[in-house]
1. Pop out the ³J(HN,Hα) list for the range A:7-14 in order, Karplus 6.51 cos²θ - 1.76 cosθ + 1.60 with θ = phi - 60°, rounded to Hz; leave Gly and Pro as x.
2. If Lys and Arg each add +1 and Asp and Glu each add -1, what is the summed charge of the other residues whose beta carbon sits under 11 Å from the beta carbon of residue A:69?
3. Name the most mobile residue of A:129, A:22, A:199, meaning the one with the largest mean-square fluctuation, in a Gaussian network model of chain A with Cα contacts below 10 Å.
4. Can you give me the distance in nm between label points at residue A:252 and residue A:119, each placed 7 Å from the Cα along the Cα-to-Cβ direction?
5. Which one, A:170, A:240, A:34, has the greatest fluctuation when you compute a Gaussian network model over chain A with C-alpha springs under 10 angstrom?
6. Cut-off under 20 Å on the C-alpha distance; same-chain residues fewer than 8 positions from residue A:181 excluded. Which lysines are left, in chain and number order?
7. Which distance in nm do the two modelled labels at residue A:209 and residue B:21 give, with both placed 7 Å along the Cα-to-Cβ direction?
8. Note the buried accessible area between A and B here, summed over both chains, with a 1.4 Å probe, in Å² to the nearest 100.
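The values are calculated or read from the model by the stated rules, or taken from the named source; none is laboratory data. Computed from a prediction, not measured in an experiment: that's the story for all the values here. Ideal geometry is used to build each Cβ from the backbone, glycine not excepted, and the neighbour counts take in all protein chains shown. Note: areas computed on protein heavy atoms with side chains; ligands, DNA, RNA excluded. Shrake-Rupley method; radii C 1.70, N 1.55, O 1.52, S 1.80 Å.
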Amino acid sequence: MNALAIVGPGATPLVERLAPRLDGTVATVEPLPETASRDVSATASYGLSEDGSWIGAGEDRTLTDLLDSLSARYDYALVADYSRTRLPTVTVGDAETAGDVVYAVDDADAADVDALLDIVDAVDPYVTLDSLVARAKSSPRADRAGAIATFTGRVRARDAEDDSRTVRLEFEKYEGVAEEKMDAISRELEARDGVQKVLMYHRTGVIEDGEDIVFVVVLAGHRAEAFRTVEDGIDRLKDEVPIFKKETTVDEEFWVHDRA
Amino acid sequence: MDWKLFADLAETAGGREVSVDVEPDATVGDALDALLSAYPELEDRVLDESGSLRDHINVLRNGENVHNAAGLETTLEAGDELALFPPVSGG
């Protein structure tokens with residue numbers, strides 16, 4: 001899923017202009033002016049029609065939770081007026097954002113929609129374990145596969161009781177070469193008997209404690225080759241792919257290779 | 001010739017992409033010498049006491065480790081991209 005945030009005056013109408021021009025399934029997320037909390041006892045309520053259309057309302061969801069749940073199902077997500085997200089972001093006027101600014105315009109009406117369509121197609125995709133599993137299942141070789149094994153690497157806050165707590169990791173990668181290396185490892189693993197598809201993805205930038213860092217997904221005929229291959233996949237990724245990790249704990253900041 | 005630097009090497013040099021001048025037909029080793037002359041603060045990090053490349057420092061030419069070619073003797077071609085980095089630590 002390619003996700004783009006738009007912040008500033010006129011963000012919501014701009015999302016609505018962009019959505020119908022995209023080629024694929026699109027989810028839009030717009031801010032609510034007030035709480036959507038309802039006086040009911042269920043945590044979430046859905047209405048589902050026989051034609052597949054639905055409405056939903058619920059409690060306790062963050063933008064990250066929502067994007068994670070959309071990632072396997074939609075080609076695009078357009079998010080209006082959430083400035084705290086680290087998504088690639090279009091700014092209108094003086095709006096500020098925590099994300100990378102990919103396009104800035106003074107007035108939403110003057111935004112070049114054709115340019116924005118190219119930008120949303122070019123952003124780094126929003127990848128989750130679910131979106132990789134969905135891609136593996138849609139492989140043309142999936143009918144030969146009875147097993148999916150996955151590995152998720154995440155930020156560990158502490159390794160022992162008296163460890164100083166890790167607050168965040170920051171990853172830097174050798175753009176282009178890292179992807180080529182991951183592709184090469186995946187192709188080599190796919191050449192094994194019974195292995196139908198191997199997908200891997202490593203996030204970069206700042207990743208906070210508890211968040212996911214890296215995923216490896218293996219689609220295979222049977223569980224034995226699925227388990228073996230997912231282990232070899234993450235081991236080779238960690239040994240061979242040019243990605244570098246800086247760790248920030250409550251006490252200090254250091255490059256992890258200096259402590260290995 | 002352009003070098004890409006990563007992690008603490010980029011921090012030490014104060015930049016992620018740096019250019020150095022080398023003669024035509026220069027080798028990767030010549031480009032490394034030119035880099036270390038321009039950024040002497042990198043030397044301790046990259047070379048050991050005998051002046052050889054430290055074992056854990058990686059030198060890539062166009063995405064391939066030069067160990068797989070002629071090492072630092074590998075001849076450069078116009079437009080090559082060189083990269084220098086410490087041990088990888090993804091995941």
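1. 10, x, x, x, 5, 5, x, 5
2. Here the charged neighbours net out to -1.
3. Top of the fluctuation ranking is A:22.
4. 4.2
5. It is A:34.
6. List returned: A:173, A:197, A:238, A:245, B:4.
7. With each label point 7 Å from Cα toward Cβ, the separation is 5.1 nm.
8. Roughly 1600 Å².
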